[in-house]
């Protein structure tokens, strides 16, 4: 796994608590030897604890911005319940790695 993820594990846990995350997982190249620290983005799956719809955007974008600031690279943040494409989900399954679970 990409080194900075391991180095920032405690800060990631704090962010998850702050934004009321139920699960945070990483997938894609950061979980393999294909990760290029100069060009690769980081791909995360997130599932939030249930919140009123009016709060969801603040939590999603707050977490997204915080991850980009912390890890200093572009972030793709995918909400697990939003995945409808079975082929995309199947591709994710091969590399998804749990980082946080409440």
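The values are calculated or read from the model by the stated rules, or taken from the named source; none is laboratory data. All figures in this text were calculated on a predicted structure; none of them were measured in a lab. Heads up, the Cβs are rebuilt from the backbone with ideal geometry, glycines too, and the neighbour counts pull from every protein chain shown.
At-a-glance table
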quantity	calculated
Condition broken by residue 6, with the remaining ones in (1) surrounded by 17 or more Cβ atoms within 10 Å (Cβ to Cβ); (2) in a helix (DSSP H, G or I) satisfied	(1)
Residues (at pLDDT below 90 and surrounded by 12 or more Cβ atoms within 10 Å (Cβ to Cβ)) located in the stretch 68-84	80
Residues that are over 17 Å from residue 11 (Cα atoms) and in contact with a strand residue (DSSP E or B) (Cβ under 6 Å, 6 or more places away or on another chain), drawn from the stretch 49-74	49
Residue match in the stretch 26-34 (condition: at pLDDT 90 or above, surrounded by 15 or more Cβ atoms within 10 Å (Cβ to Cβ), touching a strand residue (DSSP E or B) at 6+ places or on another chain (Cβ under 6 Å) and more than 13 Å from residue 92 (Cα to Cα))	no
